[in-house]
Amino acid sequence: MLPEITPLQLKERLDRQEPLQLIDVREPEEWAICNLGGELIPLDDLPKATPRLDKETPTVLICHHGFRSAQALMFLQQRHGFTNLLNLKGGIHAWALEVDPTCAVY
């Protein structure tokens, strides 16, 4: 089972201004529709971007529904030894439905 964070849990942590590294693995066109800030690193670009990520900071991986971010989590965990990772459960879609209705659903 992958470590996950719900949209509401993420909102609470963001509201508390906890140090979090947000990595969105969607494509630029998707990012333009709605995003939570953080860094856009499309899934295909993740291998070359990995060296600049902070292994110590809790990292939340984000995509549309949670599938690509789960792949990213597995990659970072298994190939690069990251241990402080969370997958946004339901992705940006769930965020829009549960937390921020101004975020476009697509």
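List of remarks:
- When Gly66, Gly90, Gly37 are checked against the criterion of being among the small types (Gly, Ala, Ser), touching a Pro at 6+ places or on another chain (Cβ under 7 Å) and open to solvent by less than 50 Å² (accessible area, probe 1.4 Å), a single residue qualifies: Gly90.
- Qualifying positions in region 20-34 - open to solvent by less than 70 Å² (accessible area, probe 1.4 Å) and farther than 16 Å from Leu88 by Cβ: Glu27, Pro28
- Of the listed requirements (1) over 20 Å from Asp100 (Cα atoms); (2) open to solvent by less than 70 Å² (accessible area, probe 1.4 Å), Glu56 misses just one: (2).
- Scan of region 68-96 for residues that are touching a Gly at 6+ places or on another chain (Cβ under 8 Å) and of a type in the set (A, V, I, L, M, F, W, C), ordered by number: Leu88, Ala94
- Within region 2-19, the only residue that satisfies the criterion of being aliphatic (A, V, I, L, M), surrounded by fewer than 17 Cβ atoms within 10 Å (Cβ to Cβ) and closer than 10 Å to Leu85 by Cα is Leu2.
- Beta carbons closer than 8 Å, at least 6 apart along the sequence or on distinct chains, pair a first residue in region 74-97 that is within 18 Å of Thr57 (Cβ to Cβ) and free of Cβ contacts under 8 Å to residues at least 24 places away in the same chain with a second that is assigned to a loop (DSSP other than H, G, I, E, B) and open to solvent by 30 Å² or more (accessible area, probe 1.4 Å) for Gln77/Thr83.
The values are calculated or read from the model by the stated rules, or taken from the named source; none is laboratory data. Predicted model, so just to flag it, every value in this text is computed and none were measured. All Cβ positions, glycine included, derive from the backbone under ideal geometry; neighbour counts span all protein chains shown. Note: areas computed on protein heavy atoms with side chains; ligands, DNA, RNA excluded. Shrake-Rupley method; radii C 1.70, N 1.55, O 1.52, S 1.80 Å.
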